[in-house]
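The values are calculated or read from the model by the stated rules, or taken from the named source; none is laboratory data. Since we're looking at a predicted model, the values are computed, not measured. Here Cβ is always computed from backbone atoms with ideal geometry, including for glycine, and neighbour counts include all displayed protein chains. Calculation scope for accessible area: heavy atoms of the full protein, side chains included, ligands and nucleic acids excluded. Shrake-Rupley method; radii C 1.70, N 1.55, O 1.52, S 1.80 Å.
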Amino acid sequence: MIQFLLNRELRTEHALDPNVTVLNYLREHVGKTGTKEGCASGDCGACTVVVGELDGDRVRYRTLNSCLTFVSSLHGKQLITVEDLKHQGRLHSVQQAMVDCHGSQCGFCTPGFIMSLFALQKNRAASGASGYDKGATLEALAGNLCRCTGYRPIIDAAEQACCQKQPDHFDALESDTVARLRAIAPRETAELNSGDKRCLVPLTVADLADLYAANPEARLLAGGTDLALEVTQFHRELPVMIYVGHIEDMKRIEVTDDAIEIGAAAVLSDCYEALASEYPDFGELLHRFASLQIRNQGTLGGNIGNASPIGDAPPLLIALGAQIALRQGNTRRILPLQDYFLDYKVTARQEAEFIEKIIVPRARPNQAFRAYKVSKRLDDDISAVCAAFNLTIDDGVVSEARIAFGGMAAIPKRASACEAALVGSAWYPDVIERACDALGEDFTPLSDFRASKEYRLLTAQNLLRKFFLEQQSPEIETRVTAYA
């Protein structure tokens with residue numbers, strides 16, 4: 001069975017189809033229809049809910065797309081929906097702000113915006129920040145689409161909600177909520193099943209290894225932001241899943257003298273600080289990685305494990321020389337990430353083997369690392385081309401080069417001919433042009449609805465030229481600022 005709090009109500013589920021999403025659970029099993037379905041793919045934010053989790057002696061609130069969240073992942077947590085904000089007949093301050101600022105137009109998307117504003121207000125207060133911050137607001141709302149294009153009044157509502165925050169009933173009841181979450185905290189492997197379908201919820205890496213060995217056909221569930229699409233978009237059934245979100249060792253992020261070690265189940269929003277402090281461009285890319293709802297749920301291990309040729313993180317990790325730790329039963333091995341991807345959606349992972357952690361080398365002197373994402377929208381969009389350049393330049397000569405691209409081939413891949421054209425050469429414009437020509441040897445990109453093959457190749461070459469320009473003339477502004 002699994003247990004969680006639906007606002008203040010303890011819910012215990014013994015026999016429930018683990019393929020049920022939180023969205024459908026709310027609307028069809030509980031009768032809470034305030035949460036809406038728009039796209040069922042995590043793009044529109046109409047289904048946004050807030051999940052509370054223990055963080056020491058407090059509750060940490062995060063927005064999630066309920067359309068991509070399976071109910072089994074709620075085990076030991078608190079689920080808050082738009083119906084829960086109104087208290088004793090009074091609207092919550094974020095709801096009142098939306099009314100005062102005329103932010104609700106057709107109203108379909110409003111519940112999702114409300115929940116994103118609620119989490120924004122909570123998290124800014126918890127971090128000690130006061131007042132309104134435009135950048136934080138735009139980031140919080142980037143995953144919510146208003147079909148009536150009424151963003152200005154919604155931004156006004158966010159400003160009012162952040163500037164006029166008052167203690168609410170969630171604050172008043174936080175100590176009780178913490179106690180109740182501790183009481184239902186998972187203490188042993190749980191299982192949610194409906195007879196023919198089941199989801200196992202282990203607590204340790206060893207338990208995961210054993211369960212996966214016994215059920216090699218199982219699908220590993222971390223954030224589910226990709227896996228859930230098989231249910232919501234392709235209407236497939238997932239007979240066996242193993243949820244890894246309660247394995248603390250796989251959520252841990254450790255910084256050593258030589259590397260940043262990131263558990264495969266660490267969500268992207270938790271990875272941000274460690275990666276951005278070491279590699280600012282990695283942080284900039286994470287700001288544009290889908291939406292905050294997805295980053296609060298999706299994991300770095302999942303972004304690697306699904307082997308998408310357009311995943312944003314792998315090109316950067318490959319350029320940085322990252323490795324992955326794989327485990328199968330009691331056997332562990334370390335593999336360079338570039339060797340993990342074999343062909344489209346084909347990897348070097350063996351049966352019942354899983355990614356345990358990602359090992360990212362720390363930055364070195366004279367190392368220049370830059371990353372670029374080219375997409376039709378700035379926020380919440382998929383890359384047409386993602387490029388990462390990692391060069392070591394000593395006395396004006398390129399001594400080492402690792403260059404990787406996503407969106408240019410069936411797998412995220414190094415540009416070996418381009419690297420060879422640079423290594424040992426002076427850092428001059430004519431060398432850059434030779435390296436640009438070499439990219440034509442490295443890649444024969446495809447055309448699709450995001451970009452033509454000609455556009456992709458020219459864009460890849462131009463990104464190398466842009467990298468050179470930024471290194472030579474850092475005073476020239478070449479970047480689009482996401483949240484000015």
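Some notes on this structure:
- Sparse packing (at most 16 other Cβ atoms within 10 Å of the Cβ) combined with a DSSP loop state is found for the following trypsin sites (Lys or Arg not before Pro) in region 30-97: Lys86.
- Working from label points 7 Å from Cα in the Cα-to-Cβ sense, the Asn123 to Leu54 distance is 2.2 nm.
- Whole-angstrom gap from region 440-478 to region 239-280, using each part's C-alpha centre: 30
- Shown for region 340-484: the carbon plus sulfur share of the solvent-accessible area, taken with all protein chains present and a 1.4 angstrom probe, equals 53%.
- Sorted largest first, the principal axis extents computed over the alpha-carbon atoms of region 159-314 equal 51, 41, 38 Å.
- Gain in span if fully extended, Thr331 to Ser130, counting 0.36 nm per residue against the direct Cα distance: 67.4 nm
- If the segment from Val30 to Leu10 were pulled out straight at 0.36 nm per residue, it would be longer than the present Cα-Cα gap by 5.9 nm.
- Overall form of region 340-484: rounded. Here a/c, set by the Cα gyration tensor axes a ≥ b ≥ c, is under 1.5.
- Global form of region 242-343, assessed from the alpha-carbon gyration tensor, a/c cut-off 1.5: rounded
- Shape of region 168-211, Cα gyration tensor, a/c cut at 1.5: prolate
- Beta bridges per DSSP, both residues in the chain: antiparallel share near 85 percent.
- Using a cut-off of 26 Å between Cα atoms, the listed pairs Lys413/Lys453; Lys77/Lys122; Lys122/Lys251; Lys86/Lys197 include Lys86/Lys197 as exceeding that distance.
- In region 425-484, GluC sites (Glu not before Pro) in a DSSP loop with at most 15 other beta-carbon atoms within 10 Å: Glu475, Glu477
- Per residue, in Å², the accessible surface of region 306-434 once ligands and nucleic acids are set aside, probe 1.4 Å: 39
- Using a probe radius of 1.4 angstrom, the carbon and sulfur fraction of the accessible surface of region 251-312 is 47%.
- Share of carbon and sulfur in the accessible area of region 128-246 stands at 50%, probe radius 1.4 Å.
- Cut-off 14 Å between beta-carbons: net charge of the residues surrounding Glu9, Lys and Arg +1, Asp and Glu -1: +1
- Alpha-carbon gyration tensor eigenvalues x 5, square-rooted, for region 306-408, Å: 26, 20, 11
- Note on Cα extents along the principal axes in Å: of the candidates [x] 94, 41, 35; [y] 78, 54, 44; [z] 71, 55, 42, the value calculated from this structure sits at [z].
- Shown here for region 118-227: trypsin sites (Lys or Arg not before Pro) in loop regions (DSSP other than H, G, I, E, B) with at most 10 other Cβ atoms within 10 Å, namely Arg187.
- Here region 402-419 and region 148-210 have alpha carbon centers that stand 38 Å from each other.
- Gain upon complete extension [Ser277, Thr478; 0.36 nm per residue less C-alpha separation]: 70.3 nm
- Exposure rank, largest accessible area first [Thr149, Thr137; 1.4 Å]: Thr149, Thr137
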